[in-house]
Amino acid sequence: MRNAPTILHLDMDAFFAQAEQASKPSLRGKAVVVGGLGPRGVVATASYEARVFGVHSAMPMAQARRLAPNAAYLTPRFTFYRAISDQVMALLRALSPLVEPLSLDEAFVDLEAGGAAWDSDSARLTGVRLRTDIRAVTGLTGSVGLAASKMLAKIASEQAKPNGLVLIEPGTERALLGPLSVRTLPGVGPATGDHLRRAGITTIDEIVEAGEDELVRLLGKAHGHGLYAMALARDERPVVAERETKSVSVEDTYDVDIHDRLRVGLEVQRLADRCVRRLRGAGLSGRTIVLKVRRYDFSTLTRSETLRGPTDDPAVVREAAARLLDSVDTTGGVRLLGVGVSGLADYTQEDLFAQAAGEHPLGSEEEAAVPEETRPAASVPAEHSWRPGHDVRHASLGHGWVQGSGLGRVTVRFETPDSEPGRVRTFRVDDPDLEPADPLPLVPVRPSGEGGAARADGGAGPEQTGVGSGAVGG
Ligand code: TTP
Ligand code: MG
Ligand code: MG
């Protein structure tokens with residue numbers, strides 16, 4: 001492990017909610033909940049003001065409404081968030097070639113590789129500057145963690161939240177980790193956490209006390225060794241420029257086709273276990289279980305099932321794989337079998353898009369496709385396009401956003417990112433003066449030479465500060 005805190009982890013604060021607050025002055029300082037608003041919708045995120053009431057990500061929306069009845073409830077605008085994410089990632093790439101994005105709002109950066117930092121002082125300075133630049137370019141806050149390893153940088157940014165920076169001085173790692181929950185360690189999902197708790201291990205100190213042999217006994221060789229090393233703050237994982245693991249899978253080709261259905265079932269169970277070992281070894285969990293079957297005639301098919309939440313539990317993966325196998329005809333023999341888990345770790349696009357499209361978050365489907373973009377609002381019939389939180393333009397009253405709709409009416413609040421909180425007006429849903437609009441930039445586009453937003457090295461020039469430039473016809 002390096003001996004300077006030159007791995008940076010950035011994570012934007014309450015990302016979707018903060019973006020909404022920045023774009024809608026009337027919501028600043030207020031409880032805001034973003035997510036699926038349908039009957040089976042779940043919370044994508046909540047502003048820190050809403051978290052006070054206990055609202056958090058992945059909570060059923062109905063429960064959020066009970067906890068925070070007066071919060072603003074908005075549907076997500078992914079294209080808008082992605083544009084902001086692109087601005088943030090561009091700032092990170094100006095620091096180093098080694099940027100590893102984990103989700104829209106989060107990434108690791110190897111500052112040493114980019115020559116941006118080499119010791120504690122230079123690392124802290126770079127982190128402070130980055131936060132200022134992100135604020136200037138996007139108008140939003142993010143939290144920064146700095147440490148000598150990925151694991152600790154991520155723990156540091158978590159501790160820095162919201163709107164802060166924490167640097168873990170090399171040498172202090174063990175003392176810092178000790179009292180934390182085992183769940184803090186990468187690779188400890190809900191299942192492993194429960195398993196350890198039943199063995200009386202809840203803190204990282206208790207992992208160290210239990211010793212490596214005990215860990216291996218409890219969790220198996222690979223996982224036990226790996227976790228013990230993490231507990232001692234030994235984490236050598238490098239920052240990799242592209243996130244190479246979108247899924248983890250294992251497969252076997254058989255010399256002789258397998259005909260026996262029972263044997264096929266056993267092989268699938270074995271592959272499921274192996275896949276989970278790989279998954280845990282990489283410190284990941286995932287939501288979509290994939291089964292691949294190549295038959296005697298080389299016809300290959302895949303079946304997938306998406307769970308309600310990410311798992312790293314072998315029993316869950318085994319059961320899902322067995323269910324998927326039930327739907328495959330293997331008479332004639334099987335040449336190859338594979339089991340994979342995808343939709344890893346960070347609540348990736350799939351479930352977000354599913355929420356946006358109003359699809360069921362739960363269900364089994366073959367080859368679930370991930371749409372690249374949500375459909376532009378203009379392509380859906382007018383009465384469906386007035387989604388809470390989305391932008392509109394009125395012929396004479398100007399730019400606003402949908403506060404709510406129903407019974408043939410739509411309520412619009414007229415305000416823009418740089419205006420005072422605006423007033424509300426109600427229209428008929430088919431009012432010809434009203435049309436869907438693109439989001440406005442959160443930071444006004446400045447003439448070049450003015451202000452501190454643009455970096456000297458061209459990380460993000462003023463022309464890149466606009467968002468939502470894609471045209472939506474009216
Ligand atoms: P996070 O970074 O996990 O959360 P956050 O940015 O909202 O809040 P924090 O300050 O704690 O970092 O996730 C980033 C975005 O990803 C979040 O704004 C919304 C989306 N998301 C979901 O849609 N579902 C989820 O379950 C989670 C955790 C996040
Ligand atoms: Mg975040
Ligand atoms: Mg995040």
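Using alpha carbons only, how many angstrom separate the centre of the range 131-203 from the centre of the range 235-297?
Cα centroid to Cα centroid, the span is 29 Å.
Applying the Karplus parametrisation 6.51 cos²θ - 1.76 cosθ + 1.60 with θ = phi - 60° to the phi angles of the range 208-224, what ³J(HN,Hα) value in whole Hz is obtained for each residue in order, glycine and proline being reported as x?
Couplings: 4, 4, 4, x, 5, 4, 5, 4, 5, 4, 6, 10, x, 5, 4, 5, x Hz.
Normalised by the empirical 2.2 N^0.38 Å for globular proteins, what value does the Cα Rg of the range 294-346 take?
Normalised by 2.2 N^0.38 Å, the Cα Rg of the range 294-346 equals 1.27.
Packing-wise, with mean Cβ within 10 Å as the measure, how do 199-207, 90-98 rank, highest first? Before the final figure, lay out the partial values.
Numbers: 199-207: 17.9, 90-98: 19.4.
For the peptides 199-207, 90-98, the packing ranking is 90-98, 199-207.
By how many nm would the segment from R409 to V128 lengthen if fully extended, with 0.36 nm per residue of separation less the alpha-carbon distance?
Values: separation 281, 0.36 × 281 = 101.16 nm, distance 4.70 nm.
Extending this stretch completely gives an extra 96.5 nm.
Taking every pair of alpha-carbon atoms in the range 38-183, give the share separated by more than 20 Å as a whole percent.
Roughly 56 percent, rounded to a whole number.
Taking R0 as 35 Å, what FRET efficiency do you get between T302 and H225 from their Cβ-Cβ distance, rounded to the nearest 0.05?
Working: r = 32 Å, r/R0 = 0.92.
Result of the calculation: an efficiency of 0.60.
Residues with amide H under 5 Å of A44's amide H, sequence separation 5 or more or different chain, H placed in the peptide plane at 1.01 Å from N; which?
Amide H to amide H, under 5 Å and 5 or more residues apart or across chains, A44 pairs with V34, G35, G36, A58.
Going by how many other Cβ atoms sit within 10 Å of their own, how do H9, H56 line up, fewest first?
With the fewest neighbours first, H9, H56 line up as H56, H9.
Give the calculated FRET efficiency between R198 and T253 to the nearest 0.05, with a Förster radius of 56 Å applied to their Cβ-Cβ distance.
Working from the Cβ atoms, E equals 0.90.
Under 5 Å between amide hydrogens, which residues at least 5 positions from L180 or on another chain qualify, with H placed 1.01 Å from N in the peptide plane?
Hits under the 5 Å cutoff: I204, D205.
Just to verify a number: FRET efficiency for E158 and R323, C-beta to C-beta distance, R0 = 56 Å, to 0.05? Please list the in-between numbers first.
Working: r = 35 Å, r/R0 = 0.63.
Here the calculated transfer efficiency is 0.95.
Quick one: 3J(HN,Hα) in Hz for the range 94-103, Karplus 6.51/-1.76/1.60 with θ = phi - 60°, rounded, Gly and Pro as x.
Once θ is set to phi - 60°, the couplings for the range 94-103 become 6, 8, 6, x, 9, 10, 10, x, 9, 6 Hz.
Report Rg(Cα)/(2.2 N^0.38 Å) for the range 187-231, keeping two decimals.
Ratio of Cα Rg to 2.2 N^0.38 Å: 0.96.
Which lysines, if any, have their Cα less than 29 Å from the Cα of K30, not counting same-chain residues under 8 positions apart?
The qualifying lysines are K154, K161.
What does the C-alpha gyration tensor say about the overall shape of the range 4-70? Classify as rounded when a/c is under 1.5, otherwise prolate if a/b is larger than b/c, or oblate.
It comes out prolate by the Cα gyration axes.
Output the antiparallel fraction of DSSP beta bridges having both residues in the range 36-185, as a percent to the nearest 5.
Approximately 60 percent, going by the DSSP bridge assignments.
Since every read-out is calculated from the coordinates, none of them should be taken as a lab result. Quick caveat, the model's predicted, so the values are computed rather than measured. Cβ sites come from the backbone with ideal geometry, for glycine too, and all protein chains shown count toward neighbours.
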